[in-house]
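Visitor: This is the structure I want to talk about, given as structure tokens.
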Amino acid sequence: MMNTRDLELLSSYLDGQLTPTESARLESRIAADPEMESALADLRAARNILRKLPQRKAPRNFTLTRKMVGQNPPLPRAYSFFQFSTAFASLLLVFTFALNVLTPRLNYVGPINTGWGGMGGGAAPQMMEEAAAPAAEAPALEMPAAAAPEMEALPTASADIAPMAKESGQEVESAPLTQPEANPPAAPIPVSWQALLLAVGFISAAVMFVLREQAKRTWR
Amino acid sequence: MDETALIQTAQRGDLDSFNTLVLHYQDMAFNVALRILGDEDLAQDATQDAFISAFKSIASFRGGSFKAWLMRTVTNACLDELRRKKRRPTTPLEPDTEDGDEMESPRWLADPNMTPEQQSEADEIEHAIQHCLDDLPAEFRSVVVLADIQGMDYNEVATATKVPLGTIKSRLARARLRLRECLRGFEELLPAAFRLEGERR
């Protein structure tokens, strides 16, 4: 019975992988051993059949695209400038919005604080509403005598309190109610600036898109 | 084709150079994948995956036989595909007819340059050999495909399969013997020229 080592030797001999000495020794063994000769014939037959197996042509091309390998097209230098301007304009826009929203609220607190002495700014509007509510709900009722001085003390009360007070026969001075500093101040950043920033952001983003698409087209 | 120059430029990320190499080796890669996997669709997937993987890792190629290095990625892709195949059902190489029988000669295997008799003979040989190859363990199959079907030398096969030379010799010898045993069952199907090969030198 032939062992694995002999089988390997025969296979290597078939492929011309043995040294001349090894080959000569093996040839003498093959000549003396019919089993080895038969095994060599089997190995040769298998190898020859495999070698004659027709080579198939690839059914399609396997060339790679940039997308397949995750490559991005080289972008022009101007791209980074527009990238920066888009980001900068967006940031500024957010900042101006935040500033315009926050500043009136901060300024709005000022007159209330002076009008109500040590009263907290946050509570002032709520108290004004509470004061105005009874007058609005019951205009026919007589306003108590103490209400008039109280209303005078309200520098930011809404203007419709005055006619209501007049209807109820009370004399109410309208001057403190219509003080100009009681209105919220205008936004510090003009809307036109914000529009400009918005336009810069949009234009930069559009140019970035065009540059990227152009780079992709030329790259293909 | 200056293979070394193409490899160097491909290593710098030049896809066109790499695609020139792909066009040169795609038939071989596809045939290796087809013989290891025994299925054309799977072989196409494995070949494409192998080329993508090869491009991504071409910087790691440090000289030697590029063919062997490339066939290693193909062999690895095939082994990955075989592992996936085990986890999901596959379609047979031979498509079924409307009656559910296997078609004798699949349309996609037909070669327009052959006569019907030649085509039939070629199909018989191919089916018989593929059947016997499929019966081999995957590691034996890849060695015999690279050495005997693709004609690579032992060192190239060792590089392609990342297996020591001694193991290659052993696997090749055993694979050939097992193939011969298997093909005996198809001897009546094989043309006379193939049947008598064993007796010739």
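Read-outs: derived from the displayed coordinates by stated rules, not from any lab. Bear in mind that the values here come from a model prediction, so they are computed numbers and not experimental data. Heads up, the Cβs are rebuilt from the backbone with ideal geometry, glycines too, and the neighbour counts pull from every protein chain shown.
Visitor: Could you estimate the translational diffusion coefficient of the stretch A:4-51 from the Stokes-Einstein equation, with Rh from the Kirkwood formula over C-alpha pairs, at 20 °C and 1.002 mPa s, in whole µm²/s?
Guide: It diffuses with D of about 198 µm²/s by this estimate.
Visitor: In peptide B:172-184, how many Cβ atoms from other protein chains are near each Cβ within 10 Å, on average?
Guide: 6
Visitor: Between B:GLN119 and B:ASP2, 0.36 nm times their residue separation minus their Cα-Cα distance comes to what?
Guide: Gain in length upon complete extension: 38.4 nm.
Visitor: With each label point set 7 Å from Cα along the Cα-Cβ vector, what nm distance links B:THR9 and A:SER192?
Guide: 5.8 nm
Visitor: Which lysines have a Cα less than 23 Å from the Cα of B:LYS56, not counting those fewer than 8 places away in the same chain?
Guide: Within reach: A:LYS67, A:LYS216, B:LYS67, B:LYS162.
Visitor: Continuing with the same structure: Could I have the simple spin-label model distance between B:LEU165 and A:THR21, label points 7 Å from Cα toward Cβ, reported in nm to one decimal?
Guide: Result: 1.6 nm between the two label points.
Visitor: What order, most packed first, do the peptides B:129-142, B:45-58 have when packing is the mean number of other Cβ atoms within 10 Å of each residue?
Guide: B:45-58, B:129-142
Visitor: Would you please give the FRET efficiency between A:GLU37 and B:SER65, computed as 1/(1 + (r/R0)^6) with r the Cβ-Cβ distance and R0 = 56 Å, to the nearest 0.05?
Guide: The computed FRET efficiency comes out at 0.95.
Visitor: State the extension gain, in nm to one decimal, for the chain segment bounded by B:ASP41 and B:ASP80, taking 0.36 nm per residue of separation less the distance between their alpha-carbons.
Guide: 12.6 nm
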